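Heads up: the structure comes next, in structure tokens.
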Amino acid sequence: MKNICYFCSVKFVNEIIKTVTICILLLLPQVATAQDVVAESANDSLEISLLTCYPGKEIYSYYGHTAIRVTDAARGSDIVVNYGVFSFKQPFFIPKFIFGLTDYEMGIVSFKDFQAEYQYLHQSVIQQVLNLTGEEKQHIMQALAENYTTAARIYRYNFLYENCTTKAKNILVDNLSGRVEYSNRQERYPSYRDMLHQCNKHHPWASFGNDLLLGVKADWPTNQEEQAFLPFNLMNDFKHAVIIDSTDQRRPLVKQTFKVIDVVADDTTTDSYPTPTTCAWIVALAVVAVCGIEAYGKKRLWLFDTVGMLLIGCAGVLILAMFFSQHPTTSTNLQVLLLNPLPLVFIYRTTKRGIRREKDMYWRCAAIMAAVFLLGGFIQSYAEGMMVFGAACLTRCIWNSWRK
């Protein structure tokens with residue numbers, strides 16, 4: 001999973017002079033006098049925008065990205081603030097990401113570098129210029145400065161609840177003088193799983209990986225605020241939102257929208273690999289074939305079961321470990337009924353008895369768990385192909401339990 005939200009990592013570390021300049025720019029609002037604020041408001045040289053980036057080809061970019069652009073014409077400054085900076089070089093990055101222990105941080109880059117990066121990646125970017133008062137701009141700038149110069153710059157990342165999009169949204173909305181009112185996006189409230197499927201519709205194996213780790217909670221309906229973890233959902237929310245001040249005066253949150261980077265993206269094609277469903281049917285046919293060979297050839301193909309138990313057990317270790325993850329939606333995953341570490345516990349005894357052509361109680365227990373797993377499909381949406389795979393496992397367990 002994921003980010004998923006990786007942003008301009010190659011060019012993020014700029015020259016020392018540029019970094020110092022950026023820090024000074026952000027800190028200026030904190031030391032500004034009242035006269036400075038009034039002058040800034042009158043001149044209106046500061047412009048704050050929400051940037052929404054199109055999905056890319058890498059797995060962490062399938063969902064798009066969100067950033068904040070700050071342009072100050074008076075000072076000749078144009079920067080992009082981003083909450084999705086991370087590095088694959090962090091020690092144990094993948095295990096940390098899986099268990100929800102990954103720390104992301106706020107980064108700042110010049111818009112020129114940002115633009116060059118996304119043009120190179122062939123990803124368009126939509127800019128929404130926010131309709132803010134001078135006071136609101138100063139509040140946002142102060143909040144950005146505090147984030148960048150304090151411990152808040154680094155935060156514990158969570159793909160669904162605390163990511164580059166939610167962080168950008170919060171720092172903008174929380175520093176407005178009035179409240180933001182959103183129009184209803186739709187009458188239907190999809191689950192997290194539904195929204196992830198839409199993003200991964202051309203990448204079935206990425207969708208499979210998400211579904212394998214997500215539990216029952218990922219199938220619960222979401223409200224409009226929860227749906228804003230995806231960049232394009234937030235962009236659409238801002239598009240129709242209004243700010244209501246203390247006197248009930250209403251003004252649009254966005255005053256101008258345009259493509260700041262408009263490139264012709266490569267045609268989106270579905271992954272060329274066999275789909276998870278295809279692979280599941282291959283396993284099912286293999287189970288039927290092995291059972292047939294054993295029935296008519298009077299043989300016991302114990303190695304087939306040993307390999308299967310080893311693979312299922314290893315996958316089960318990962319599924320069970322996710323119960324202890326800090327990701328809220330990974331607990332109560334019914335797929336653990338089929339993919340669990342128990343085969344690793346019984347593999348030696350079961351293999352030994354298989355070689356001797358003796359029955360083993362493990363197969364009856366596994367058959368019961370596989371049957372409950374299939375019934376659980378009415379409660380939880382499983383990963384693609386898992387129902388077929390579960391039926392194949394149940395068939396093999398029943399065969400090994402009652403054959404002579």
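Any residue in segment 385-402 that is among the charged types (D, E, K, R) and within 23 Å of Pro274 (Cα to Cα)? No, every residue in segment 385-402 fails to be among the charged types (D, E, K, R) and within 23 Å of Pro274 (Cα to Cα).
Only one of Glu384, Glu358 is over 36 Å from the mean Cα position of the chain (by Cα) and acidic (Asp, Glu). Can you tell me which? On inspection, the qualifying residue turns out to be Glu358. Only a single item in (1) modelled with pLDDT under 95; (2) under 25 Å from the mean Cα position of the chain (by Cα); (3) surrounded by fewer than 15 Cβ atoms within 10 Å (Cβ to Cβ) is not met by Cys314, and it is number (1). The helices (runs of 4 or more DSSP H) found entirely in segment 295-385 that carry 1 or more residues being of a type in the set (Ser, Thr, Tyr), touching an Asp or Glu at 6+ places or on another chain (Cβ under 7 Å) and more than 30 Å from Ile94 (Cβ to Cβ) are 342-355.
With the structure loaded, tell me whether Glu358 is charged (D, E, K, R), touching a Pro at 6+ places or on another chain (Cβ under 8 Å) and either surrounded by 13 or more Cβ atoms within 10 Å (Cβ to Cβ) or under 24 Å from Ser401 (Cβ atoms) (or both) or whether it fails that test.
No: the conditions fail for Glu358.
Against the conditions (1) open to solvent by less than 80 Å² (accessible area, probe 1.4 Å); (2) under 24 Å from the mean Cα position of the chain (by Cα); (3) not β-branched (Val, Ile, Thr), Ala286 satisfies every one except (2).
Here Leu337 qualifies as at pLDDT 95 or above and crowded, with 18+ Cβ neighbours inside 10 Å.
Within segment 373-399, being open to solvent by 40 Å² or more (accessible area, probe 1.4 Å) and among the β-branched types (Val, Ile, Thr) holds for Ile379, Thr395, Ile398.
Across segment 262-271, the qualifying residues are those that are open to solvent by 80 Å² or more (accessible area, probe 1.4 Å) and at pLDDT 75 or above, and the one among them that is farthest from Gly390 (Cα to Cα) is Asp262. Return yes when Ala152 is among the small types (Gly, Ala, Ser), more than 17 Å from the chain's Cα centre (by Cα) and farther than 24 Å from Gln326 by Cα and no when it is not. The answer is no for Ala152. For segment 171-185, the criterion of being farther than 26 Å from Val85 by Cβ, open to solvent by 40 Å² or more (accessible area, probe 1.4 Å) and either in contact with a strand residue (DSSP E or B) (Cβ under 7 Å, 6 or more places away or on another chain) or among the hydrophobic types (A, V, I, L, M, F, W, C) (or both) is satisfied by at least one residue. So is Ile368 under 29 Å from Asp219 (Cβ atoms), open to solvent by 70 Å² or more (accessible area, probe 1.4 Å) and at pLDDT 95 or above or not? For Ile368, the condition - under 29 Å from Asp219 (Cβ atoms), open to solvent by 70 Å² or more (accessible area, probe 1.4 Å) and at pLDDT 95 or above - is met. Output yes when any residue across segment 289-305 is among the hydroxyl-bearing types (Ser, Thr, Tyr) and surrounded by 14 or more Cβ atoms within 10 Å (Cβ to Cβ), and no when none is. The answer is no; no qualifying residue exists. Scanning segment 180-189 finds no residues that are among the hydrophobic types (A, V, I, L, M, F, W, C) and either in contact with a Gly (Cβ under 9 Å, 6 or more places away or on another chain) or in a helix (DSSP H, G or I) (or both). The selection criterion, being within 21 Å of Arg156 (Cα to Cα) and in contact with a strand residue (DSSP E or B) (Cβ under 6 Å, 6 or more places away or on another chain), does not hold for Val129. Would it be correct to say that Gln123 is over 20 Å from Ile48 (Cα atoms), more than 14 Å from the chain's Cα centre (by Cα) and surrounded by 17 or more Cβ atoms within 10 Å (Cβ to Cβ)? Yes.
Looking at segment 239-261, is at least one residue surrounded by 17 or more Cβ atoms within 10 Å (Cβ to Cβ) and hydroxyl-bearing (Ser, Thr, Tyr)? No, because not a single residue in segment 239-261 is surrounded by 17 or more Cβ atoms within 10 Å (Cβ to Cβ) and hydroxyl-bearing (Ser, Thr, Tyr). Residues in segment 24-79 that are within 19 Å of Leu130 (Cα to Cα) and among the acidic types (Asp, Glu) were compared, and the one that is modelled with the lowest pLDDT is Glu40. Can you tell me how many residues in segment 201-234 are among the acidic types (Asp, Glu) and open to solvent by less than 20 Å² (accessible area, probe 1.4 Å)? Residues flagged as among the acidic types (Asp, Glu) and open to solvent by less than 20 Å² (accessible area, probe 1.4 Å) within segment 201-234 amount to 1.
Determine whether segment 93-102 contains at least one residue that is open to solvent by less than 50 Å² (accessible area, probe 1.4 Å), at pLDDT 85 or above and not small (Gly, Ala, Ser).
no
The values are calculated or read from the model by the stated rules, or taken from the named source; none is laboratory data. In this text, all values refer to a predicted model and were calculated from it rather than measured experimentally. No Cβ is skipped: glycine too gets one built from the backbone with ideal geometry, and neighbour counts run over all protein chains shown. Side chains included, ligands, DNA and RNA excluded: accessible areas come from the protein's heavy atoms. Shrake-Rupley method; radii C 1.70, N 1.55, O 1.52, S 1.80 Å.
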